[in-house]
Number of protein chains: 2
Amino acid sequence: MDKNELNEEEMQIWHLWKGSFQSIFGRVVKEMSEHTGLSEGDYGVLDRLVIFGNGNLRQQELADSMDWDKSRLSHHLTRMEKRGLVTRKPLETDRGVQVIITSKGKSALDEARPIVAKAIRKYFLDQLTAQDMESITMLAERTKTGVQ
Amino acid sequence: MDKNELNEEEMQIWHLWKGSFQSIFGRVVKEMSEHTGLSEGDYGVLDRLVIFGNGNLRQQELADSMDWDKSRLSHHLTRMEKRGLVTRKPLETDRGVQVIITSKGKSALDEARPIVAKAIRKYFLDQLTAQDMESITMLAERTKTGVQ
DNA sequence: ATAGCATGGTTGACGCGTCAACCACAATAT
DNA sequence: ATATTGTGGTTGACGCGTCAACCATGCTAT
């Protein structure tokens with residue numbers, strides 16, 4: 001078969017995969033944002049701040065943990081700071097910056113958690129068979145470190 | 001188990017699924033945009049114009065086929081028109097608009113096709129087992145019409 | 001006749017993402 | 001001493017997505 005084109009079935013698989021991810025993921029994100037005013041990025045930032053840093057993390061560590069580049073995170077934190085969800089404080093030790101969750105940010109996160117959990121369960125987990133879970137795990141394993 | 005929170009394993013599955021989609025999909029899109037200058041949206045528009053409409057489609061049909069709302073498509077077409085990939089022409093029959101691929105758009109699409117195909121094969125298809133394909137198909141089937 | 005509604009599309013504002021340029025500072029190489 | 005490189009972060013421009021408001025036109029119900 002020509003390696004430079006896809007047959008019907010191959011294209012089908014690609015579109016099904018893309019379509020179901022975007023549909024399911026979109027529903028979860030929409031449910032969260034409608035009920036809490038947080039975007040997916042907001043949630044990721046706040047979650048990591050408390051999970052990994054007990055409320056505060058150095059900006060570069062936060063970026064790494066989210067797999068975001070520093071520019072993207074900088075822009076995002078600027079917006080979040082404006083809304084009072086986090087604050088930034090320069091470190092004395094080096095030129096790094098400490099990102100700190102505010103009490104408002106903490107409440108927003110606490111409020112969002114069960115909503116996100118329910119949405120993930122409803123739109124995603126409840127739709128999965130044991131075989132699906134195995135496939136997801138194995139595929140992630142196989143593609144984890146990247147394809148050369 | 002509490003329906004309002006996720007355990008370790010459930011969260012794990014969610015993150016693996018999200019992570020591998022975003023990683024694989026991101027690579028495909030990046031490969032295309034770097035080699036052709038087309039975004040995913042550009043490719044989708046051009047592809048549908050020739051596949052479904054032999055080069056031209058009414059704007060609303062195009063929007064439906066992409067699962068985009070009219071505003072999103074309108075903005076996107078404005079940008080594509082500026083780059084010479086498509087043109088728009090009002091219909092006489094009603095107040096609809098005909099979207100027409102230009103020769104430049106056609107060449108860009110023809111150039112992109114094999115690049116996209118190769119990227120999808122390399123980053124996605126080649127990583128799948130038969131079981132993965134079955135899971136993808138079944139999950140899409142199960143969630144197709146939406147979750148009530 | 002007119003009020004209401006549906007269809008097909010545009011527009012502006014604003015959040016989000018990426019890229020390239022930039023800045024400050026320190027450590028290292030020439 | 002000066003140039004280079006690396007780290008940590010900011011900024012502006014611009015493409016992309018969403019939402020709400022808007023416009024024109026035609027159809028339908030009162």
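The values are calculated or read from the model by the stated rules, or taken from the named source; none is laboratory data. The model shown is predicted, which means the values in this text are computed figures rather than measured ones. In this analysis, Cβ positions are derived from the backbone assuming ideal geometry, glycine residues included, and neighbour counts consider all displayed protein chains. What goes into the accessible areas is simple: the full protein's heavy atoms, side chains included, and nothing from ligands, DNA or RNA. Shrake-Rupley method; radii C 1.70, N 1.55, O 1.52, S 1.80 Å.
So, of the residues in segment A:74-111 that are within 11 Å of DNA strand D (Cβ to nearest atom) and hydrophobic (A, V, I, L, M, F, W, C), which turns out to be farthest from A:Gly37 (Cα to Cα)?
It comes out as A:Leu91.
Within segment A:76-108, count every residue that is basic (Lys, Arg) and over 14 Å from A:Asp42 (Cα atoms). Lay out the reasoning, then the answer.
Initially, segment A:76-108 is screened for residues basic (Lys, Arg), giving A:79, A:82-83, A:88-89, A:95, A:104, A:106.
Add one more test, that the residue is over 14 Å from A:Asp42 (Cα atoms), and what stays is A:88-89, A:95.
Summing the residues that are basic (Lys, Arg) and over 14 Å from A:Asp42 (Cα atoms) in segment A:76-108 gives 3.
Take the residues of segment A:1-29 that are among the charged types (D, E, K, R) and out of contact with any helix residue (DSSP H, G or I) (no Cβ under 8 Å at 6 or more places or on another chain): which is farthest from the other protein chains (Cβ to nearest Cβ)? Step through it out loud before you land on a result.
In the first step, residues of segment A:1-29 are kept if they are among the charged types (D, E, K, R); the result is A:2-3, A:5, A:8-10, A:18, A:27.
Next, from what is left, pick out any that are out of contact with any helix residue (DSSP H, G or I) (no Cβ under 8 Å at 6 or more places or on another chain): A:2, A:8-9.
On the way: A:Asp2: 9, A:Glu8: 12, A:Glu9: 9 Å.
Among them, the one singled out is A:Glu8.
Conditions (1) within 30 Å of B:Thr143 (Cα to Cα); (2) more than 11 Å from chain B (Cβ to nearest Cβ); (3) without any contact (Cβ under 8 Å) to a residue 12 or more places away in the chain; (4) over 19 Å from the mean Cα position of the chain (by Cα), marked per residue:
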site: A:Leu49; (1), (2), (3), (4): no, yes, no, no
site: A:Asp67; (1), (2), (3), (4): yes, no, yes, no
site: A:His75; (1), (2), (3), (4): no, yes, yes, no
site: A:Gln98; (1), (2), (3), (4): no, yes, no, yes
site: A:Glu111; (1), (2), (3), (4): yes, yes, no, no
site: A:Ala117; (1), (2), (3), (4): yes, no, yes, no
site: A:Ile136; (1), (2), (3), (4): yes, no, yes, no
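Would you please name the residue that is nearest to B:Gln127 (Cα to Cα), looking only at residues in segment B:29-44 that are touching a residue at least 12 places away in the same chain (Cβ under 8 Å) and within 13 Å of DNA strand C (Cβ to nearest atom)? Break it down into steps so the answer makes sense when it comes.
As a first pass, look at segment B:29-44 and keep what is touching a residue at least 12 places away in the same chain (Cβ under 8 Å): B:31-32, B:35-38, B:41-44.
Subset that is within 13 Å of DNA strand C (Cβ to nearest atom): B:31-32, B:35, B:37, B:41.
Numbers: B:Glu31: 17, B:Met32: 19, B:His35: 22, B:Gly37: 26, B:Gly41: 25 Å.
Looking at the filtered set, the residue picked out is B:Glu31.
Looking for whichever is surrounded by 12 or more Cβ atoms within 10 Å (Cβ to Cβ), under 25 Å from B:Lys18 (Cα atoms) and within 15 Å of DNA strand D (Cβ to nearest atom) here; the options are A:Ser71, A:Ser65. Which one fits?
Numbers: A:Ser71 fails: surrounded by 12 or more Cβ atoms within 10 Å (Cβ to Cβ).
Exactly one of A:Ser71, A:Ser65 is surrounded by 12 or more Cβ atoms within 10 Å (Cβ to Cβ), under 25 Å from B:Lys18 (Cα atoms) and within 15 Å of DNA strand D (Cβ to nearest atom), namely A:Ser65.
Cβ-Cβ below 8 Å, separation at least six or inter-chain, first residue in segment B:6-17 and farther than 13 Å from A:Met138 by Cα, second open to solvent by 50 Å² or more (accessible area, probe 1.4 Å): which pairs?
Taking only residues 6 or more apart or on different chains, the pairs are B:Asn7/B:Met1.
Being at the interface with another protein chain (Cβ under 7 Å from one of its Cβ atoms) and either touching a strand residue (DSSP E or B) at 6+ places or on another chain (Cβ under 8 Å) or of a type outside the set (Ser, Thr, Tyr) (or both) is the requirement here; does B:Leu125 meet it?
Working: at the interface with another protein chain (Cβ under 7 Å from one of its Cβ atoms): yes; either touching a strand residue (DSSP E or B) at 6+ places or on another chain (Cβ under 8 Å) or of a type outside the set (Ser, Thr, Tyr) (or both): yes.
When the stated conditions are applied, B:Leu125 passes them.
For segment A:89-132, which residues satisfy the criterion of being of a type in the set (S, T, N, Q) and open to solvent by 40 Å² or more (accessible area, probe 1.4 Å)? Show your work before the answer.
Quick first cut of segment A:89-132, residues of a type in the set (S, T, N, Q) only: A:93, A:98, A:102-103, A:107, A:127, A:129, A:131.
Answer for segment A:89-132, where residues must be of a type in the set (S, T, N, Q) and open to solvent by 40 Å² or more (accessible area, probe 1.4 Å): A:Thr93, A:Ser103, A:Ser107, A:Thr129, A:Gln131.
If the requirement is being within 16 Å of B:Gly19 (Cα to Cα) and more than 11 Å from DNA strand D (Cβ to nearest atom), which of these qualifies: A:Gly53, A:Gly41? Step through it out loud before you land on a result.
Details: A:Gly53 fails: within 16 Å of B:Gly19 (Cα to Cα).
When all the criteria are applied, what remains is A:Gly41.
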